Every structure is written in C-alpha cells, then in structure tokens.
Amino acid sequence: MEYRTDQERLLDTINIGVNQSLGPKGSEFIVNTSEHVGPFYAITVIEDTVFGAMADCNIEGLDTATTFVAGLTIMGSFPQVTLTSGKVLAYKL
C-alpha cells in the first residue's frame, strides 16, 4: 500500500496494532465443566454462569460461588477456566 501522508501511515500502523492485540488467537465457547487452558484475556458470559475454578487469575476477591449474569464481560488474565454451570465465550491471548 502506498501512503500519501504520514497520517495515513500512522493510522494504518495503529489499525494493525489494534487488530493484533484484540483476540488474535480467537476464542473458545465453554459449555461444560472441564478445565479449559488459556491464557484468556476476557470472558463474556453467554448464560448465567458459576465458575468452578479460576486459578492464578489476576482479579482479587473473585468468589467462585457468585453467579455472573448473561451479558457481562470480565477483563483480566485467566490462565485456566472451569465452570460449575453456564456458558461463556473466553477470548484467547
């Protein structure tokens, strides 16, 4: 691509960086109680969900007895995810 201005080059560089940082490795639709290994950087709750285990995640005070409602997106660092119930979409890092 030929750039006409420095601004076009900068905008293209920013666009490429954003695309590479937002889910470059896809996502995983989790609907069972098996352990799913990430790492994941965000989790969107599709159906009301209770997490079984979230070892080594960087969210302090996360209670695995809490029901997370559908539509909620949780940002963080999640090396692995296990559900007790529900459905989530976990975005791979």
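Overview of values
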read-out	value
Residue in the stretch 79-89 that is modelled with pLDDT under 90 and either out of contact with any Ser or Thr (no Cβ under 9 Å at 6 or more places or on another chain) or in a strand (DSSP E or B) (or both) present	no
Qualifying positions in the stretch 21-43 - under 20 Å from residue 85 (Cβ atoms) and part of a loop (DSSP other than H, G, I, E, B)	31, 32, 33, 34, 35
Selection within the stretch 39-93 - within 17 Å of residue 26 (Cβ to Cβ) and aromatic (Phe, Trp, Tyr)	40, 41, 78, 91
Tally of residues being open to solvent by 60 Å² or more (accessible area, probe 1.4 Å) and under 13 Å from residue 34 (Cβ atoms) across the stretch 70-86	1
Residue satisfying condition, being touching a Gly at 6+ places or on another chain (Cβ under 9 Å), in a loop (DSSP other than H, G, I, E, B) and not polar (S, T, N, Q), within set 46, 59	59
Residue in the stretch 25-40 that is modelled with the lowest pLDDT, counting only those that are open to solvent by 80 Å² or more (accessible area, probe 1.4 Å) and within 18 Å of residue 73 (Cβ to Cβ)	25
Pair list, Cβ < 7 Å and 6+ apart or interchain, from the stretch 41-69 residues that are in contact (Cβ under 8 Å) with a residue 40 or more places away in the chain and open to solvent by 50 Å² or more (accessible area, probe 1.4 Å) to residues that are part of a strand (DSSP E or B) and of a type outside the set (S, T, N, Q)	46/87; 46/88; 46/89; 47/86; 47/87
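The values are calculated or read from the model by the stated rules, or taken from the named source; none is laboratory data. Just so you know, these numbers come straight off a predicted model, no measurement behind them. For neighbour counting, all protein chains shown are included, and Cβ atoms are generated from backbone atoms with ideal geometry for every residue, glycine included. Surface areas here come from the heavy atoms of the whole protein model, side chains and all, with no ligands, DNA or RNA. Shrake-Rupley method; radii C 1.70, N 1.55, O 1.52, S 1.80 Å.
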